[in-house]
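Comments concern the structure below.
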Amino acid sequence: MSANYHIRVQSVEEDTLTVAVFLADDSFGCFADEEFALRLLCSPDNVYKYDDDYNQVANCSLAEEISVDNYLDERWIVNHSIDFIANIKLVSLNNFPFDDWDYDRWSNAISVNSDDTLDFTNVESDHPGGVVAIKVLKPEHLQHFKAGDTFSTAAYSSQNMDETHYETIGNWMFSEE
């Protein structure tokens, strides 16, 4: 799975996850809607693990409520994201708008730490991105996150797919509606 975003968890409060989001693909911008937020919370590497027979199994209460099939079903995510996400709010926006997309430099700047976590240190200063707070309806849906976690995700919003050209990202990214 290719990454659309790189994520660093900044804090986990009772019902709110605050994450730094770094753009990883110039075809996508970060969407401030419930669909994007639910896909981010359900990123397969975070909520599903593999058993000894390589079957995906739930790793948290959110995965127990959202099957892999439902996660992969666009219509299901669109119709049910409001059942899980109370709201999503832009906290800050960095390096937008941007003119010079240098994907090779940005994608190669990510390294892996000795504990197999992703290190985004080299992307934080110049990567387009922002900080987003995601408030959930059930606090237990955040139990699989802790401050400092890093991961890459293919999260996206199908509701905004027509607006993903990089020249317009700075105009609509993280709308605060």
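Below is a table of values for the structure above.
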quantity	calculated
Number of positions in segment 48-71 that are among the charged types (D, E, K, R), within 19 Å of E35 (Cα to Cα) and surrounded by fewer than 16 Cβ atoms within 10 Å (Cβ to Cβ)	2
Residues of segment 12-34 classified as modelled with pLDDT of 75 or more and either within 14 Å of V68 (Cβ to Cβ) or open to solvent by 50 Å² or more (accessible area, probe 1.4 Å) (or both), total	4
Residue count for segment 72-94, restricted to those that are farther than 9 Å from L38 by Cβ and open to solvent by less than 50 Å² (accessible area, probe 1.4 Å)	5
Hits in segment 32-75 (condition: closer than 17 Å to L137 by Cβ and not aliphatic (A, V, I, L, M))	D33, E34, E35, F36, R39, C42, C60, S61, E64, E65, N70
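The values are calculated or read from the model by the stated rules, or taken from the named source; none is laboratory data. Just so we're clear, the structure is a prediction, and the values are computed from it rather than from any experiment. Positions of Cβ are generated from backbone atoms using ideal geometry, with glycine treated the same way; all protein chains shown enter the neighbour counts. Remember, those area values only see protein heavy atoms, side chains included, never the ligands or the DNA or RNA. Shrake-Rupley method; radii C 1.70, N 1.55, O 1.52, S 1.80 Å.
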